[in-house]
Amino acid sequence: MLDAFYGRISSTATVIIAVSIMLFCGFAMTRITKLLRLPNVTAYIIVGILIGPFCMDLIPDSVIVGTDFIADIALAFIAFSVGEFFKLSVLKKNGTKILIITLCEALLAALLVFVLTFFILRLDIVFSVVLSALASATAPTSTATTIRQTKAKGEFVDVLLQVIALDDVFSLIAFSIAISIASVFLTDGGSLSASTIILPILTNIGVMVLGGFFGLFLKLLMPKKRTTDNRLIILISMLFLFCGICALLDISPLLGCMAMGMVYINITEDDKLFKQINYFSPPILLLFFVRSGLNLQLDSLFSSTVSAGAVPIIIIALLYFGVRMIGKYGGAFLGSLLVKKDSSTRKYLGLALIPQAGVAIGLAAMAARTLGGTVGESLQTIILASSILYEIIGPACAKLSLYLSGSYSNKIEDIVPIQALDEAGNPKREVDILIERIQKIRSEIPEGDQPHVSPEEQAFLEASEEQYEALYELQKRRLGRRK
């Protein structure tokens with residue numbers, strides 16, 4: 001659509017204008033999806049499809065190909081943030097039980113998808129192995145956002161957050177092994193050996209150890225006197241350096257970035273840095289998801305490939321969508337039953353594990369780049385298509401699980417609890433209880449028109465204020481010297 005226009009301007013101008021279109025259109029679409037109570041990820045993927053080559057064709061192919069590195073940066077941010085949830089002090093309380101639940105739900109989802117694709121649909125082994133590994137991933141952002149919005153709390157929420165954290169660890173490991181096995185089938189004709197499985201495991205362990213050292217080094221670079229803006233600069237430079245080293249060695253940086261975050265949070269308890277980077281990363285994640293939508297091959301949805309046999313991709317995507325949900329729910333139920341969790345956890349935990357977006361889309365993009373050809377293209381198309389469906393029903397399922405488990409309530413008595421007795425031990429009048437509730441609610445509302453500020457935004461604002469104060473003090477000292 002804009003090819004003639006892009007042809008008249010420089011390549012630099014082309015990139016800048018294309019990126020601005022991606023950013024603005026992504027933002028504009030969120031205004032619509034917000035009305036429909038859908039996550040931002042859904043808006044970004046849809047807008048990528050709309051401005052992509054199959055619809056409006058607003059972004060040139062050169063920009064789509066040239067921004068391939070955005071996937072690595074976005075995944076580094078996501079993996080580092082996942083490390084924050086891997087606090088050993090928290091995991092020690094229910095570590096073994098959480099591990100069993102996570103293994104059950106992740107393994108069953110992967111196993112059912114493999115049975116579907118390889119044994120029932122008779123699809124290619126490479127395709128089946130990698131898609132099965134991707135099935136284990138869960139979207140932590142959607143569920144965490146739902147928990148924050150509903151102010152849910154309790155044992156169910158604690159178990160859910162820990163399972164989500166470990167779930168992404170499992171999916172990253174499973175994907176790394178699956179890609180290594182798939183590469184052997186593509187290059188060596190499928191001659192599997194013990195080294196084929198052991199070598200990827202050892203490689204991932206080595207990457208995690210290296211990431212742990214980066215986490216230790218990151219802590220050394222973060223003394224208390226370090227300003228918050230410089231802390232953010234140092235963190236991003238360390239993530240970029242780690243990703244660059246992994247790219248040189250041709251290995252995935254995901255587990256290493258996660259280990260970096262895990263080591264840093266456990267030796268410093270500094271969650272403010274994670275809030276800062278979570279507030280800094282939205283534009284990068286927006287570009288990543290929009291670019292993923294740009295890469296969605298709509299024409300391949302209704303076609304068949306060598307890897308997918310005679311089955312159209314859209315049928316595989318729909319079957320994957322349903323089978324993975326069954327695996328997640330059934331695995332969570334089985335794991336909770338094995339560790340003797342209460343009935344509400346057994347019944348409703350699986351509902352909160354249905355969302356799938358960020359990690360899976362990132363891994364699918366990496367698979368498409370690593371495997372290439374029709375296999376990589378088909379995998380990315382299936383994950384993107386199913387992720388749109390997951391992000392439509394996922395948050396609703398997560399909210400339903402929180403409500404049914406009793407983690408939050410819509411009753412005023414539960415939202416604003418008030419003592420029914422006064423200091424003398426006498427029952428309060430209903431009107432007095434109502435007045436106390438109103439006063440408590442008013443005390444929690446920001447004054448005037450001040451909007452609600454999230455912890456991430458607050459951390460970023462504090463960093464800006466500290467930077468301003470530092471520059472002001474520096475200016476004062478310079479003026480003092482001149483006098």
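The values are calculated or read from the model by the stated rules, or taken from the named source; none is laboratory data. As the structure is a computational prediction, the values presented were derived from the model and not from experiment. Please note: Cβ atoms are built from the backbone with ideal geometry, for glycine as well, and neighbour counts cover all protein chains shown. Quick note on the areas: whole protein, heavy atoms, side chains included, nothing else; ligands and nucleic acids left out. Shrake-Rupley method; radii C 1.70, N 1.55, O 1.52, S 1.80 Å.
Report relative contact order for the range 101-174 in percent, whole number only (criteria: Cα-Cα under 8 Å, sequence separation at least 6). Show your work: numbers first, answer last.
Details: 59 pairs, mean separation 30.6, N = 74.
With pairs under 8 Å counted, the relative contact order is 41 percent.
Could you give me the ³J(HN,Hα) list for the range 389-402, computed from phi with Karplus coefficients 6.51, -1.76, 1.60 and θ = phi - 60°, whole Hz, x at Gly and Pro?
After applying 6.51 cos²θ - 1.76 cosθ + 1.60, I find 5, 4, 6, 7, 9, x, x, 5, 5, 5, 5, 4, 5, 5 Hz.
At 7 Å along Cα-to-Cβ for each site, give me the label-to-label distance between residue 35 and residue 347 in nm.
Distance between label points: 3.7 nm.
Send over a whole-number figure in Å² for the accessible area per residue of the range 216-359, probe 1.4 Å.
Values: 5880 Å² over 144 residues.
Solvent-accessible surface per residue comes out at 41 Å².
Tell me the trypsin sites (Lys or Arg not before Pro) within the range 327-373 that lie in a loop according to DSSP and have at most 11 other beta-carbon atoms within 10 Å. Mind dumping the intermediate values first?
On the way: sites: 328, 340, 341, 346, 347, 369; in loops: 340, 341.
Listed in order of number, the matching sites are 340.
Can you order the peptides 79-89, 9-19, 52-62 by their average number of other Cβ atoms within 10 Å per residue, highest first? Could the numbers behind the result be given before it?
On the way: 79-89: 20.9, 9-19: 14.4, 52-62: 16.5.
The densest-packed peptide leads the list: 79-89, 52-62, 9-19.
Return the subset of 97/219; 92/153; 87/328; 93/341; 341/399; 272/341 for which the Cα-Cα distance in this structure is over 22 Å, preserving the input order. Don't jump to the answer; show the numbers that get you there.
Details: 97/219 31 Å; 92/153 19 Å; 87/328 24 Å; 93/341 14 Å; 341/399 20 Å; 272/341 33 Å.
In this structure, 97/219; 87/328; 272/341 exceed 22 Å between Cα atoms.
Just reorder 151, 225 by solvent-accessible area, largest first, 1.4 Å probe, all chains present. Present the calculation step by step, with values, prior to reporting the outcome.
Details: 151 155, 225 180 Å².
From most accessible down to least: 225, 151.
What part of the accessible area of the range 230-388, given as a whole %, is carbon or sulfur when the probe is 1.4 angstrom? The partial results should precede the final answer.
Values: 3690 of 5410 Å².
Summing carbon and sulfur atoms, their accessible area is 68 percent of the total for the range 230-388.
Residue by residue through the range 239-246, what is 3J(HN,Hα) from phi via Karplus (6.51 cos²θ - 1.76 cosθ + 1.60, θ = phi - 60°)? Round to whole Hz and write x for glycine and proline.
Working through the residues one at a time gives 5, 5, 4, 5, 4, x, 4, 5 Hz.
Please compute the modelled spin-label separation between residue 435 and residue 219, points set 7 Å along Cα→Cβ, answer in nm with one decimal.
The answer from the label model is 5.4 nm.
Can you give me the relative contact order of the range 46-133 as a percent, contacts being Cα pairs under 8 Å and 6 or more apart?
On the way: 27 pairs, mean separation 12.3, N = 88.
About 14 percent, as a whole number.
Under a crude label model (7 Å from the Cα following the beta-carbon direction), how far is residue 369 from residue 392 in nanometres?
For residue 369 paired with residue 392, the spin-label model returns 3.0 nm.
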